[in-house]
Amino acid sequence: MFTFHLINESNAHTILNWRYKPSYDLYNYFKEEANQQHILHPQNTFYSIVDENSELVAYCSFGQDGQVTGGDYRDQALDIGMGIRPDLTGRGKDAEYANAVLKFADSLFKPKVFRVTIAAFNKRAIRVWQKLGFEHQQSFERESDGMQFIVLLRADCCNSIR
Ligand SMILES: CC(C)(COP(=O)(O)OP(=O)(O)OC[C@H]1O[C@@H](n2cnc3c(N)ncnc32)[C@H](O)[C@@H]1OP(=O)(O)O)[C@@H](O)C(=O)NCCC(=O)NCCS
């Protein structure tokens, strides 16, 4: 149902303009040059997620983008970030997107462990990954402002992704 494309400038620009409502506006990017560069930087490995009508419906990232300063990332794992287009959130399709991302990540990286870092208040996102077998590993405060984050892990990825 979904296809994944390495992000290009046009889709990065579109994503920079997505606006989530409070309290999820933490996930909004702003149109600064720095954010465009962040999305396009190879170390963050952003992908566009496109539906069967060739519409951009979500994005995901693999790597450094998924880490928050203050967390302990010494263990080897694939960090995953994901954002569904704001108008498509809250429709109960979370597992469809997240499962597709895990399947794609598995085919690309064959990681032993998947990892997500989520703001502790974001119970919606925490629920998404817990439903898919992720478990709490650590809680920490972001260095810049003391905001609470949690890290969830899912091991044994390759055996269980279908
Ligand atoms: C996080 C995100 C992927 C979730 O997808 P979604 O389609 O909006 O989520 P849903 O509406 O299907 O809800 C997911 C689950 O959270 C639950 N949920 C929703 N709001 C909740 C809340 N305030 N508290 C607790 N659970 C909540 C839903 O009931 C559902 O669980 P269920 O299937 O057991 O009923 C999407 O909202 C998004 O991209 N948000 C912006 C980016 C972001 O938050 N990123 C975080 C890192 S992944």
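Annotation for segment 129-140: at least one member residue is more than 23 Å from N8 (Cβ to Cβ) and in contact (Cβ under 8 Å) with a residue 60 or more places away in the chain.
Pairs meeting the criteria (first residue in segment 75-100 and among the hydroxyl-bearing types (S, T, Y), second residue near the ligand (Cβ under 10 Å from one of its atoms), beta carbons under 6 Å, at least 6 apart or on different chains) are Y97/A58; Y97/I84. For segment 33-42, the criterion of being under 26 Å from R154 (Cα atoms), in contact (Cβ under 8 Å) with a residue 40 or more places away in the chain and either touching a helix residue (DSSP H, G or I) at 6+ places or on another chain (Cβ under 9 Å) or part of a loop (DSSP other than H, G, I, E, B) (or both) is satisfied by no residue at all. Taking segment 61-93 as the range and being within 9 Å of the ligand (Cβ to nearest atom), under 16 Å from Y29 (Cα atoms) and touching a strand residue (DSSP E or B) at 6+ places or on another chain (Cβ under 8 Å) as the test, the residues that pass are G66, G81, M82, G83, I84, R85. Annotation for segment 88-98: no member residue is surrounded by 18 or more Cβ atoms within 10 Å (Cβ to Cβ) and in contact with a Phe, Trp or Tyr (Cβ under 6 Å, 6 or more places away or on another chain). Taking the numbered list (1) away from the ligand (no atom under 14 Å from the Cβ); (2) within 24 Å of L40 (Cβ to Cβ); (3) under 16 Å from the mean Cα position of the chain (by Cα) in turn, S107 passes all entries but (3).
So which of Y47, Y27 is surrounded by 11 or more Cβ atoms within 10 Å (Cβ to Cβ), under 13 Å from the mean Cα position of the chain (by Cα) and farther than 23 Å from E141 by Cβ? Checking each option against the conditions leaves just Y47. Taking the listed residues G71, G83, G63, the one that is surrounded by 19 or more Cβ atoms within 10 Å (Cβ to Cβ), in contact with a helix residue (DSSP H, G or I) (Cβ under 9 Å, 6 or more places away or on another chain) and under 28 Å from Q138 (Cβ atoms) is G83, with no other qualifying. Being in contact with a Gly (Cβ under 7 Å, 6 or more places away or on another chain) and among the β-branched types (V, I, T): is that true of I80 here? So I80 fits the description; yes. The residues of segment 110-125 that are closer than 24 Å to M1 by Cα, within 9 Å of the ligand (Cβ to nearest atom), surrounded by 14 or more Cβ atoms within 10 Å (Cβ to Cβ) and not small (G, A, S) amount to a single one, V116. Scanning segment 48-60 for residues that are touching a residue at least 12 places away in the same chain (Cβ under 8 Å) and either touching a strand residue (DSSP E or B) at 6+ places or on another chain (Cβ under 6 Å) or within 16 Å of the ligand (Cβ to nearest atom) (or both) yields S48, I49, V50, D51, L56, V57, A58, Y59, C60.
Bear in mind these aren't lab numbers, they're just calculated from the coordinates by the rules spelled out. Computed from a predicted model, the values in this text were never measured in an experiment. Backbone-built Cβ (ideal geometry, glycine too); neighbour counts: all protein chains shown.
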